[in-house]
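Derivation of every value follows stated rules applied to the coordinates shown; laboratory data play no part. Here the structure is a predicted model, which is why all the values come from computation and not from measurement. Cβ placement follows ideal geometry from the backbone for every residue including glycine, while neighbour counts extend to all protein chains displayed.
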Amino acid sequence: MEKKYYPTIGLEIHAELKTQTKMFCSCKNDPDEEKPNVNVCPVCMAHPGTLPVINKKAIENVIKVGLAIGGTIADFTEFDRKNYFYPDIPKGYQISQYKYPIVSGGKLADFDVTRVHLEEDTANNKHDRGDFSLIDFNRAGVPLMELVTEPVTFEDADKAAKSASSFAKELQLILWYLGVSEANMEKGEMRVEANISVSPDKNKLGTKVEVKNLNSFKSVEKAIKFELDRMIELHENGKGEEIVQETRGWDESKQKTFSQRKKESSHDYRYFPEPDLPKMKLHEAFDLEKMEKELPELPLEKRLRYKNDFGIKDEDIESYINDKELGIWFEEVAKLLGNVDKIKIASNYITSDYMGLKKNNLEVLPPSVKNFAELINLIAENKISSRVAKDILAIIVLKDGSPLQIAGDKGLLQKNDEGEVKAIVQKIIGENPEVVATYKAGKENAIMSLVGKVIKESKGSANPQIVIKMLKDLLK
Ligand code: ZN
Ligand code: MN
């Protein structure tokens with residue numbers, strides 16, 4: 001029997017904060033600037049003799065994150081120098097935080113949060129232009145939040161990989177809801193690192209490997225799964241000791257992790273308090289109670305409210321959680337409809353039909369709340385068939401209009417008027433003697449082909465129930 005291994009995962013996530021200016025100077029913080037070395041000054045270029053000044057907004061953003069995850073906001077906090085040499089940080093150190101992070105503790109998804117601190121982002125190295133390297137300082141000094149979680153031990157590799165990826169997704173949502181970061185992983189605005197180990201003994205940790213370069217939620221999941229499988233296989237082959245503490249990268253094209261360097265430990269960085277910046281008393285500098293009261297509704301609260309108020313499916317709720325604008329529009333539609341059954345119909349049409357149309361055509365936009373609610377009312381009151389409803393929806397997402405008027409103009413309102421439907425039914429019976437004969441010979445299913453023809457002839461406006469009843473009566 002195969003032995004059981006327990007994976008343990010800890011996460012470190014960096015996110016660039018959305019502020020007007022950089023962390024310690026007044027240069028513009030613009031992640032979309034494509035021209036290199038535009039948003040730079042002597043401070044963020046690390047010229048000697050320059051002095052940093054703290055960006056209060058960046059501190060405020062980290063405090064908001066701390067409040068949102070139920071962490072403790074430090075009373076005393078300070079910045080430290082993290083010393084290391086690399087061309088993207090020409091000062092020879094990164095201003096970061098060590099002993100006194102802004103936030104300690106907190107909880108999100110399956111992970112306990114250890115700390116959230118603030119630091120400066122580095123410049124961007126470009127190694128891909130030839131046999132030389134270029135450095136772009138637009139990113140140097142951009143406020144960077146770092147969140148570290150406690151290690152969590154899981155029952156199996158799949159669960160561990162999925163859980164890490166959903167943690168990252170949930171954090172991205174919180175950053176969006178708080179408006180503190182765009183947290184776009186593909187653009188490097190949010191960067192995930194995972195500390196990974198496996199052990200055959202649930203109470204003893206294995207050797208830890210750190211995996212970097214994870215720039216999508218999918219790659220977080222795949223890289224962790226790959227790395228755990230690699231480690232488990234080494235154990236299985238009696239080569240457990242070949243697992244060494246190191247940093248590994250994720251190669252997206254090969255779908256593999258690869259060794260990058262042996263890991264430094266924190267004393268290599270010679271951390272010490274940054275002498276050029278003042279210490280901070282956050283409880284004096286900020287009204288934390290007020291900030292907590294003014295937090296926006298967060299994803300978790302929104303999920304509960306949508307469930308309680310509208311009783312819609314969990315996957316529908318996730319669609320609105322992920323697309324806040326769509327959620328707001330749905331809520332307005334729901335308010336106007338004011339009836340749980342109609343709201344459920346509306347949500348179905350939004351998450352399946354509307355989102356389907358949107359996926360195939362970027363010009364698709366939500367129609368006005370009034371017109372969309374009108375469409376749902378027509379469906380709920382049986383005035384149009386679902387086929388007609390879909391056709392009308394496809395029209396009004398491109399050019400907003402009144403569904404009632406469109407249905408009226410095109411003669412698509414459900415014909416519940418027996419006389420009109422009867423004329424069509426008689427016509428179809430007359431035109432299809434063979435089908436009629438088959439039905440009369442005992443093949444009851446044959447009637448469905450006649451129903452289809454009647455509905456088509458009525459351009460979808462005949463009510464199928466009425467058509468069936470009428471056909472049966474007439475063919476007795
Ligand atoms: Zn600057
Ligand atoms: Mn960091």
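In debye to the nearest 20, how big a dipole does the chain give about its Cα centre with +1 on each Lys and Arg Cβ and -1 on each Asp and Glu Cβ?
With Lys and Arg at +1 and Asp and Glu at -1, about 1220 debye.
For segment 118-247, what is the charge dipole size about the Cα centre, in debye to the nearest 20, if Lys and Arg each add +1 at the Cβ and Asp and Glu each add -1 at the Cβ?
240
Please express the Cα-Cα pair-distance distribution P(r) of segment 346-413 as a list of whole percents, one per 5 Å bin, running from 0 to the bin with the greatest distance.
Bins of 5 Å from zero give 3, 19, 33, 27, 13, 4, 0 percent of pairs.
Roughly how large, in nm² to one decimal, is the mean projection of the convex hull of the alpha-carbon atoms in segment 47-143?
If I average the Cα hull's projected area over directions, I get 8.3 nm².
At 10 °C and a viscosity of 1.306 mPa s, what translational diffusion coefficient does Stokes-Einstein give for the chain, taking Rh as the Kirkwood radius over Cα pairs? Give it in µm²/s as a whole number.
D = 59 µm²/s.
How big is the C-alpha Rg of segment 183-224 next to the rule-of-thumb value 2.2 N^0.38 Å, as a ratio?
In units of the globular-protein estimate, segment 183-224 measures up at 1.40.
Within the chain, which is the longest segment containing none of the chymotrypsin sites (Phe, Trp or Tyr not before Pro) that sit in a DSSP loop and have at most 13 other Cβ atoms within 10 Å?
Between exposed loop sites, the widest span is 133-476.
Using the C-alpha atoms of segment 194-272, what convex hull volume per residue, in cubic angstrom, is computed?
122
What value does segment 183-333 have for Rg/Rh, both radii from Cα atoms and Rh as Kirkwood defines it?
Rounded to two decimals, Rg over Rh is 1.11.
Just the ratio, please: alpha-carbon radius of gyration of segment 245-347 over 2.2 N^0.38 Å, N its number of residues.
Computed over Cα atoms of segment 245-347, the ratio equals 1.89.
How high is the relative contact order of segment 418-474? Use alpha-carbon pairs under 8 Å, at least six apart in sequence, and give a whole percent.
After rounding, I find 36 percent.
Output the direction-averaged projected area (hull surface divided by four) of the convex hull of the alpha-carbon atoms of segment 299-409, in nm².
6.4
Using 18 Å as the cut-off for backbone N distance, which residues of segment 1-37 belong to the label zone defined by a point 7 Å from the Cα of Glu150 along Cα→Cβ?
7-13
For the chain, with the dipole built from +1 on Lys and Arg beta-carbon atoms and -1 on Asp and Glu ones, taken about the Cα centre, which of Ile392, Leu295, Ser163 lies farthest toward the positive end?
Projecting each Cα onto the dipole axis, the largest value belongs to Ile392.
Calculate how many DSSP beta bridges within the chain are antiparallel, expressed in % of all such bridges and rounded to the nearest 5.
90
If you put +1 on each Lys and Arg Cβ and -1 on each Asp and Glu Cβ, how big is the dipole of segment 299-409 around its Cα centre, in Debye rounded to 20?
It works out to roughly 100 debye.
Per DSSP helix of 4 or more residues, -39500 (n - 2.57); summed, then divided by the residues of the chain. What does that give at 222 nm, rounded to the nearest 500?
Helices in the chain give a 222 nm mean residue ellipticity of -12000 deg cm²/dmol.
Asp353 to Glu186: extension gain in nm, 0.36 nm per residue of separation minus the Cα-Cα distance?
That works out to 57.3 nm of additional length.
With just the Cα atoms defining each centre, how far is segment 397-414 from segment 274-298? Give it in Å.
Comparing the Cα centres of segment 397-414 and segment 274-298, I get a distance of 54 Å.
Segment 426-465 to segment 72-142: how many Å between their Cα centroids?
Centre-to-centre (Cα) distance: 72 Å.
Beyond 18 Å, what share of the Cα-Cα pairs of segment 1-102 remains, rounded to the nearest whole percent?
Roughly 62 percent, once rounded to a whole number.
So what is the relative contact order of the chain, in percent, for Cα pairs below 8 Å that sit 6 or more residues apart?
So the answer I get is 13 percent.
Could you give P(r) for segment 418-474, binned at 10 Å from zero, as whole percent values over all Cα-Cα pairs?
Per 10 Å bin, starting at 0, the Cα pair percentages come out as 26, 61, 14.
For segment 72-217, what's the radius of gyration and Dmax over Cα atoms, in angstrom?
When restricted to the Cα atoms of segment 72-217, Rg and Dmax are 17.2, 50 Å.
Could you tell me which of the pairs Lys162/Lys324; Lys57/Lys162; Lys212/Lys279; Lys370/Lys410; Lys313/Lys456 are separated by over 29 angstrom between their Cα atoms in the structure shown?
Beyond 29 Å: Lys57/Lys162; Lys212/Lys279; Lys313/Lys456.
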